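A quick write-up on the structure given underneath.
The values are calculated or read from the model by the stated rules, or taken from the named source; none is laboratory data. Being a predicted model, the structure only gives us computed values, none of them experimental. Cβ: placed from backbone, ideal geometry, glycine included. Neighbour counts: every protein chain shown.
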Amino acid sequence: MSNYHIKHLEEYFQIHRKSVRDPEGFWEEVAEEHFIWRKRWDKVLSWDFEKPEVKWFEGAKLNITENCIDRHLRIRGEKTAILFEPNDPKEEAEHISYQQLYERVNQFANVLKDQGIKKGDRVCIYLPMIPELAISTLACARIGAIHSVVFAGFSATALSTRINDSDCKMVIASDGSYRGSKTIDLKGIVDEALEECPGVETVLVAKRIHSDIEMKEDRDKWLQPLLDKADTECEPEIMDAEDPLFILYTSGSTGMPKGMVHTTAGYMVYTAYTFKNVFQYRENDVYWCTADIGWITGHSYIVYGPLANGATTVMFEGVPNYPDWGRFWEIVDKHKVTQFYTAPTAIRALAKENLECVEKHDLSSLKVLGSVGEPINEEAWHWYNDNIGKKKCPIVDTWWQTETGGIMISPIPYLTPTKPTYATFPLPGIQLSLMDEKGEEITENQVDGRLCIKFPWPSMARTIWGNHKRYKETYFSTYKNQYFTGDGALRDEVGYYRITGRVDDVIIVSGHNLGTAPIEDAINEHQAVAESAIVGFPHDIKGNALYGYVILKESGESRNHDNLRKEINQIITEHIGPIAKLDKIQFTSGLPKTRSGKIMRRILRKIACNETDNLGDTSTLLNPEVVQEIMDNVLKNLKI
Ligand code: WT7
């Protein structure tokens, strides 16, 4: 029996038991089986959730790109590593073989070195979904630079905050990007962001839309001429197991995004292992994850996990509805995709369209369907199962987080019986717990609680960049000796888990993790706004949408409310990005607060969700009359 590839349900149980009984032995065997180590580890694991400090494979030396690329050259040199499908279906797809990927990553790595980037330097990557995004990410890893990929839908302010937080020396960008029928001026956003970023010395610019952009002398350099001159060999930097591999920002409950730090060896082992098992990847499969590499899903399951397994991974530049709503299925058909991994919000949007968009295409190559990012509701699950999988493809509902680095709870396809809306069992090596309000672990089944993890796993984030205290407070202080996920979950009679949603001030909109505080901070920047509070409410396609309660300053009260709504959304777009725009904005004279001045979001949430029958006790509020005012305004059907 190989620990690396699970093939039967009984084996899953055995392996999971073993991984709990002897976690070090279990992960040691996995690590031995499939990777190139320049030096073996001295110790598999040391950990302390109090500090918190976790180290995996201490003493080992390796380079992750050697494992993701070099190792495959002998037997898979000609095999497609990255299959790039452009935004415009008329533009030809690009098949980048492992050999070509090797050369292109090395050339890029040499360019980085020539530009003065060294091991440990931070490099910000702000690129659309074009091959340079994957290649530059790997090039950083090749030379031991720490990449910080920022999703290219983020605004200039969001970009500059992230660049400054981790002190990036360089930004890798493109002139612009294609998104459906639109072109976006990315370089303009970078220029605006960099006005606030004195630490950035160099901007490398890839050409994508061939627009006429301004290049700032001494700072901005066209990428291609540098690549053309660069050598195709670049010795990998030999890294320690616990050297940082990348920083990736995620929203939190306060204004500053959290730069989650992932390290090298554990992340590699875990993403490789979970990719293999959750997608049951076989040698000639064509795997496609529709996420953007700007999110953790793209890091772990477009780039590192698939490449560590020598897989063919599709990278799609475009959007699901361009040129029409059949695009995903056209791509599945064209490239004979075998594993398809997407988000519930996309599934819900696709399900609203005419079935003809699906039926025109041959989807018989599909073997496994995946879902990630938010709870998948029953209707969406069935639509996916019936119309895309034709009831023959298991759906893997994968639960995980930016912080966990890899998939934590998921069925193993063809082994674990699936159940709509349930992510089912923890993967091997993962020890979950449900905690009650009093901070005790709940041991029985058929209950719900707060989802925690009680034992370290190799790909967990090790800290928040520059703020270990916040790391400890956010994840390790709610429950003693537990990593707290921020999610609620239910465990059924057989031990399957169903994630019920966030229990903190994070709202998941279209699969994007949005903290309420940064949005409120942005709104409060408007000169007419005194205070605001954001809550989520259910939305057909997005899962959740945002509802804002806004108190105006006296000066703002006489202004036209519709104009104010537009301006508020404009400010949010500038500060965070269009994904954080509010669907509803209600102006109010006050917000319900506790006597200690804390906004009672629970009440605001109920009003937004139209659950006003059961608001609970409001008499202890500082200002109960405000609740009545807000409800009256809703009832009066005022435009919101
Ligand atoms: C939050 C993490 C990890 C990839 C993308 C999101 C929610 C994620 C599921 C799922 C229910 C899910 C959780 C989690 N979530 N997957 N299968 N079922 N909820 O990463 O942006 O760090 O968000 O997404 O609430 O805590 P992220």
Between N354, N387, which is in a loop (DSSP other than H, G, I, E, B) and away from the ligand (no atom under 16 Å from the Cβ)? N354
Name every residue in the stretch 309-330 that is part of a helix (DSSP H, G or I) and buried (at least 24 other Cβ atoms within 10 Å of the Cβ), in order of residue number. F328
What's the number of the only condition in (1) in contact (Cβ under 8 Å) with a residue 40 or more places away in the chain; (2) within 24 Å of the chain's Cα centre (by Cα); (3) more than 15 Å from the ligand (Cβ to nearest atom); (4) not assigned by TED's automatic domain parsing to the domain that holds L434 that F476 fails to meet? (4)
Among the residues of the stretch 200-242, the number that are closer than 24 Å to E317 by Cβ, in a loop (DSSP other than H, G, I, E, B) and of a type in the set (S, T, N, Q) is 1
Name every residue in the stretch 444-477 that is polar (S, T, N, Q) and surrounded by 15 or more Cβ atoms within 10 Å (Cβ to Cβ), in order of residue number. S459, T463, N467, T474
Within the stretch 557-578, residues in a helix (DSSP H, G or I), at pLDDT below 95 and crowded, with 18+ Cβ neighbours inside 10 Å come out as H575
Against the definition (more than 23 Å from T137 (Cβ to Cβ) and at pLDDT 95 or above), how does E201 come out, yes or no? no
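Rundown of residues vs (1) in contact (Cβ under 8 Å) with a residue 40 or more places away in the chain; (2) under 19 Å from C140 (Cα atoms), yes/no style:
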{"residue": "I15", "(1), (2)": "yes, no"}
{"residue": "R21", "(1), (2)": "no, no"}
{"residue": "E24", "(1), (2)": "no, no"}
{"residue": "A31", "(1), (2)": "yes, no"}
{"residue": "E58", "(1), (2)": "yes, no"}
{"residue": "N67", "(1), (2)": "yes, yes"}
{"residue": "P86", "(1), (2)": "yes, no"}
{"residue": "A93", "(1), (2)": "yes, no"}
{"residue": "Q99", "(1), (2)": "no, yes"}
Which ones in the stretch 31-45 are outside any helix (DSSP H, G or I) and either at positive phi or surrounded by fewer than 16 Cβ atoms within 10 Å (Cβ to Cβ) (or both)? I36, R38, K39, R40, D42, K43
Restricting attention to the stretch 505-529, the residues that are within 18 Å of the chain's Cα centre (by Cα) and either assigned to a strand (DSSP E or B) or charged (D, E, K, R) (or both) number exactly 9
Show the residue pairs meeting these rules: Cβ distance below 6 Å; 6+ apart or different chains; first residue within the stretch 370-398 and outside the structural domain of H539 (by TED's automatic domain parsing); second residue away from the ligand (no atom under 16 Å from the Cβ) and among the β-branched types (V, I, T). N387/V358
Going by what's in this entry, would T424 be described as under 20 Å from C289 (Cα atoms) and assigned by TED's automatic domain parsing to the domain that holds R21? no
Residue check: is G294 surrounded by fewer than 23 Cβ atoms within 10 Å (Cβ to Cβ), more than 16 Å from the ligand (Cβ to nearest atom) and more than 21 Å from S410 (Cβ to Cβ)? no
Just one of the numbered conditions (1) out of contact with any helix residue (DSSP H, G or I) (no Cβ under 8 Å at 6 or more places or on another chain); (2) among the acidic types (D, E); (3) closer than 20 Å to I293 by Cα is not true of E201; which one? (3)
Filter the stretch 397-438 for residues that are within 9 Å of the ligand (Cβ to nearest atom) and outside any loop (DSSP other than H, G, I, E, B) and give the result. D397, T398, W399, I409
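Okay, residues lined up against (1) outside the structural domain of I209 (by TED's automatic domain parsing); (2) closer than 26 Å to I125 by Cα; (3) crowded, with 22+ Cβ neighbours inside 10 Å; (4) not hydroxyl-bearing (S, T, Y):
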{"position": "L62", "(1), (2), (3), (4)": "no, yes, yes, yes"}
{"position": "I75", "(1), (2), (3), (4)": "no, no, no, yes"}
{"position": "T80", "(1), (2), (3), (4)": "no, yes, no, no"}
{"position": "E94", "(1), (2), (3), (4)": "no, yes, no, yes"}
Can you tell me which residue is nearest to the ligand (Cβ to nearest atom) among those in the stretch 358-384 that are within 12 Å of T418 (Cβ to Cβ) and assigned to a helix (DSSP H, G or I)? W381
Surrounded by fewer than 18 Cβ atoms within 10 Å (Cβ to Cβ), in contact (Cβ under 8 Å) with a residue 60 or more places away in the chain and either in contact with a helix residue (DSSP H, G or I) (Cβ under 7 Å, 6 or more places away or on another chain) or over 21 Å from H512 (Cα atoms) (or both): is that true of K639 in this structure? yes
Pair list, Cβ under 7 Å, 6 or more apart: the stretch 589-603 residue assigned to a loop (DSSP other than H, G, I, E, B), other residue among the aromatic types (F, W, Y): L591/Y549
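Just to be sure, is L490 within 21 Å of D165 (Cβ to Cβ) and out of contact with any His (no Cβ under 7 Å at 6 or more places or on another chain)? Quick ask: steps written out before the conclusion?
Details: within 21 Å of D165 (Cβ to Cβ): no; out of contact with any His (no Cβ under 7 Å at 6 or more places or on another chain): yes.
Against the criterion (within 21 Å of D165 (Cβ to Cβ) and out of contact with any His (no Cβ under 7 Å at 6 or more places or on another chain)), L490 does not qualify.
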For the stretch 68-84, indicate whether the set of residues that are under 30 Å from R470 (Cβ atoms) and within 27 Å of the chain's Cα centre (by Cα) is non-empty. no
Limited to the stretch 518-540, what total is found for residues that are within 16 Å of the ligand (Cβ to nearest atom) and either surrounded by fewer than 21 Cβ atoms within 10 Å (Cβ to Cβ) or among the charged types (D, E, K, R) (or both)? 2
Is there a residue in the stretch 240-249 that is assigned by TED's automatic domain parsing to the domain that holds R71, free of Cβ contacts under 8 Å to residues at least 40 places away in the same chain and not charged (D, E, K, R)? no
Where D505 falls short, out of the listed (1) surrounded by fewer than 22 Cβ atoms within 10 Å (Cβ to Cβ); (2) closer than 23 Å to G406 by Cβ; (3) within 13 Å of the ligand (Cβ to nearest atom): (2)
Answer yes if at least one residue in the stretch 486-498 is within 14 Å of the ligand (Cβ to nearest atom) and in a loop (DSSP other than H, G, I, E, B), and no otherwise. yes
Mind checking whether some residue in the stretch 337-351 is in the same structural domain as R470 (by TED's automatic domain parsing) and either part of a helix (DSSP H, G or I) or within 13 Å of the ligand (Cβ to nearest atom) (or both)? no
Of all residues making up the stretch 46-58, the number that are surrounded by fewer than 20 Cβ atoms within 10 Å (Cβ to Cβ) and within 21 Å of A308 (Cβ to Cβ): 1
